[in-house]
Amino acid sequence: MRALHPVLLAVTDRIEARSQHLRGAYLRRLEAMRQRPQAAQRMGCANVAHAFAALPADERLRVVSQRAPNLGVVTAYNDMLSAHRPYEGFPALIRQAARAAGATVQVAGGVPAMCDGVTQGQPGMELSLFSRDTIAMGTAIALSHDVFDGALLLGICDKIVPGLLIGALHFGHLPCVFVPAGPMSSGLSNEAKAKVREQAAQGLVGRAELLAAEQAAYHGEGTCTFYGTANSNQMLLEAMGLHVPGAAFIHPHAPLREALTREAVSTVLAQAARGGCIGHQVDARCIVNAMVALLATGGSTNHLIHWVAVARAAGLLINWSDFEALSAVVPLLARVYPNGAADVNQFQAAGGPAFVIRELLEAGLMHADVATVTGQGLAAYTELPQPGPQGQVLRVPVDTHSGDEQVLRPVSTPFSDTGGLKLLTGNLGRAVIKVSAVPADRHRIEAPARVFDSQEALQAAFQAGALSGDFVAVVRFQGPRANGMPELHKLTPPLAVLQGRGQRVALVTDGRMSGASGKVPAAIHVCPEALGGGPLAKVRDGDLIRLDADTGTLQVLVPEAVWASRDAAPRDAALGEDAAHGWGRELFAGLREQVLPAEEGACTWVPRPQAG
């Protein structure tokens, strides 16, 4: 194993120095919580009676008199999400495993979990980003009963894992293990699905053909199989040591899935016995490992927002410059759709997270000596789980060779020498671009702006045949303060069609594209956002825009005097009214006013700096 890469060390040191005050205060609060007596001994009798009234008598005796450990389960179960449908039966299985180990279990609470696939392009998508902090608050409410010696967190998808993790880190004195449920089996290939979507955008196929393709792709229980935010979550949890090793991508109905869930129970109990806790575990090294794993696998750009918020919950301050510095030295080891043709089942078959982590550790690009739920350091996550006798889990080292070099490669022969993420700066603000799937000849676009205040307006222009020639689509007023920063997936097919026709096109937006950003260059998360005084509000149709991913430039080429004198355009009043009313959006008005910029994690629970 090589010495740690100097850039990895430098970024880690920079985060630790920047976070010294905040992290120190966090750890002091954590230690104060850890020093208290067990719940049943420190609480009043009425509190204790209420807490355990619903337990069977023998379990009440166990937890109160015998001081047996009591585990809390926070679940994001619903059967709207295919990925979360398997969780229905998990509490019973967890209770059974805990009882066999002499412990008790209570489902502490449920948290909301929305399916972004359902809400794409719909008004509900404007609640999506804020659902993360709602989930964090729900997690805190569940754990606020304060009678738990450890927690099991049941969640997989986009905002759910970051929300559960943020909530759990506010109870950092507890040992916590995340319990995944696995991906659905492979259906229609992602390439075939994308092709039908582009055909539908051009009117070449109708609704019946498009619906048949979509249902063939999304067809059963488990996580959607493309490498978007949900599956990136699972990769990052493996790299942080918050799963039992190798749990991420085992099918929901594989025999091994039940064994891994039982192992999660014994793991959190062992962690509690040795005094482990999630607040100590998620330190700067752990966060850097997650960032490296994201870059090495071409994961979702949403995590440039979510993991900033996760780090903040642990008293750590990270930013996009940290991501860019790491991206310059972390090689791209995986090609999974939308950065390739494979799905996550093929990624797992080729070696999966274990192969990636092994390669990065050996190259000195990950911290090995971190605390994990196993207590064995990150090397334990380079092994693959296998079914053992009597429901046990056995592990074997991942193969030294990739099972498919079209999907997964070693550090010695990567798909790219860098992680494919670039920070863009200039007179339009700060933005990020993922270029891992963008053709090299499209990394630099200089073209006139076409300005839209909604994704629907751009789609309408496409349908009307009004998007001819080269252009940079500026889609603004899509930031967290404006309308909750919805994902703009519906723009991918029309822009891909135009690029396929030979037009040079790009997207610049203060909105999100998530793991669905692909072959069209997209400068996303532009900060400051248009509604918050950002320069996107000053762009006009025809302004020449330069997007250069190679030099990290995002500029409007307007004479400085003209640019300085230009007023910001107001958001269309109707769009503002839409963002404020209907579909429950009124309930999130306070969050829109309070939210921090995207580069600061779009947090709604951190006080905004006061003017003056």
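Of the residues making up the stretch 359-369, those that are surrounded by fewer than 24 Cβ atoms within 10 Å (Cβ to Cβ) and either under 21 Å from the mean Cα position of the chain (by Cα) or in a helix (DSSP H, G or I) (or both) are Leu361, Glu362, His367. Contact annotation: no residue pair with Cβ atoms under 6 Å, 6 or more positions apart or on different chains, pairs a residue in the stretch 335-360 that is closer than 11 Å to Asp404 by Cβ with a partner that is among the basic types (Lys, Arg). Restricting the stretch 537-557 to residues that are crowded, with 18+ Cβ neighbours inside 10 Å and in a loop (DSSP other than H, G, I, E, B), the residue that is modelled with the lowest pLDDT is Ala549. Selection of strands (runs of 3 or more DSSP E) fully inside the stretch 418-466 by the criterion of at least 1 residues being without any contact (Cβ under 8 Å) to a residue 40 or more places away in the chain returns 444-452.
I'd like to know if the stretch 184-192 contains one or more residues that are within 16 Å of the chain's Cα centre (by Cα) and of a type outside the set (A, V, I, L, M, F, W, C). Give the derivation first.
Residues of the stretch 184-192 that are within 16 Å of the chain's Cα centre (by Cα), as a first pass: none.
Scanning the stretch 184-192, I find no residue that is within 16 Å of the chain's Cα centre (by Cα) and of a type outside the set (A, V, I, L, M, F, W, C), so the answer is no.
Taken over the stretch 266-325, the criterion of being within 16 Å of Gln20 (Cα to Cα) and not in a helix (DSSP H, G or I) is satisfied by Val282, Asp283, Ala314, Gly315, Leu316, Leu317, Ile318, Asn319.
Quick one: which residue in Val196, Val205 is assigned to a loop (DSSP other than H, G, I, E, B), at pLDDT 90 or above, among the β-branched types (Val, Ile, Thr) and more than 30 Å from Val63 (Cβ to Cβ)?
None of the others qualify; the one that does is Val205.
Ala39 falls short on exactly one of the conditions (1) closer than 17 Å to Ala151 by Cβ; (2) crowded, with 20+ Cβ neighbours inside 10 Å; (3) in contact with a Leu (Cβ under 9 Å, 6 or more places away or on another chain), and that condition is (3).
For the stretch 87-112, taking the residues that are touching a residue at least 40 places away in the same chain (Cβ under 8 Å) and part of a loop (DSSP other than H, G, I, E, B), the one that is surrounded by the most Cβ atoms within 10 Å (Cβ to Cβ) is identified as Val111. Does the stretch 332-353 include one or more residues that are within 26 Å of Val11 (Cα to Cα) and hydroxyl-bearing (Ser, Thr, Tyr)? No; the residues of the stretch 332-353 include none that is within 26 Å of Val11 (Cα to Cα) and hydroxyl-bearing (Ser, Thr, Tyr).
Show the residue pairs meeting these rules: Cβ distance below 6 Å; 6+ apart or different chains; first residue within the stretch 528-552 and not assigned by TED's automatic domain parsing to the domain that holds Ser321 and of a type outside the set (D, E, K, R); second residue surrounded by fewer than 19 Cβ atoms within 10 Å (Cβ to Cβ) and assigned to a loop (DSSP other than H, G, I, E, B). Final answer for the pair search is Ala537/Ala568; Ala537/Ala569; Leu544/Leu557; Ala549/His443. Within the option set Glu238, Glu263, being over 19 Å from the mean Cα position of the chain (by Cα) and either at positive phi or among the charged types (D, E, K, R) (or both) holds for one residue only, Glu263. Screening the stretch 1-86 for helices (runs of 4 or more DSSP H) wholly inside it with 1 or more residues that are modelled with pLDDT of 95 or more and among the charged types (D, E, K, R) returns the ranges 6-18, 20-34.
Search the stretch 382-395 for residues that are closer than 18 Å to Gln96 by Cβ and pair each with any residue that is surrounded by 14 or more Cβ atoms within 10 Å (Cβ to Cβ) and of a type in the set (Gly, Ala, Ser) when their beta-carbon atoms are under 6 Å apart and the residues are at least 6 apart or on different chains. Matching pairs, first to second residue: Gly391/Ala259; Val393/Ala259. The residue list Gly138, Gly167, Gly124, Gly89 contains one member that is on the phi < 0 side of the Ramachandran plot, at pLDDT below 95 and in the same structural domain as Val373 (by TED's automatic domain parsing), which is Gly124.
The values are calculated or read from the model by the stated rules, or taken from the named source; none is laboratory data. The structure displayed is predicted, hence computed values, not measured ones. Every residue, glycine as well, gets a Cβ built from its backbone with ideal geometry; the counts of neighbours run over all protein chains shown.
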